[in-house]
Amino acid sequence: MRCVFCGGPLRSGTVTFSYDDEEAYVLVEHVPADVCAHCGEKVYSPAVADMLMEIAQKKTEPVKMLHIPVYDFTQAKRA
């Protein structure tokens, strides 16, 4: 299979999927995907995409919670 964006070769692997629902970020680790070796584009199977949608809609319980600092680039002070 080839990447639909750049034509590069796709390789099977696992990735971390992130989703922003305007109230919180959702991270899903160890997601099976085909990843383009050139541009990094990720392609998910229909079954994986369905499961990611369920997780993003918070239909499953998270395995852990993270505390993540957030910075605003426009407000960052220069050294």
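Odds and ends about this structure:
- Size of electric dipole in the chain: Cβ of Lys, Arg +1 and of Asp, Glu -1, about Cα centre, debye, nearest 20: 380 debye
- The chymotrypsin sites (Phe, Trp or Tyr not before Pro) of segment 1-62 that meet both conditions, a loop assignment by DSSP and at most 13 other Cβ atoms within 10 Å of the site Cβ, are PHE5.
- Kirkwood-based Rg to Rh ratio, the chain, C-alpha trace: 1.07
- Structure remark: mean-square fluctuation, Gaussian network model of the chain, C-alpha springs under 10 Å; the largest value among PRO46, PRO32, PRO69 belongs to PRO69.
- When exposed loop sites are taken as trypsin sites (Lys or Arg not before Pro) in a DSSP loop with at most 10 other Cβ atoms within 10 Å, the longest stretch of the chain clear of them is 1-58.
- For CYS3, residues with placed amide H under 5 Å, excluding near neighbours: GLY8, LEU10
Read-outs throughout are calculated quantities, based only on the coordinates presented, and are distinct from any laboratory measurement. No experiment lies behind these values; they were computed from the predicted model shown. Glycine also receives a Cβ, built like all others from the backbone with ideal geometry; neighbour counts cover every protein chain displayed.
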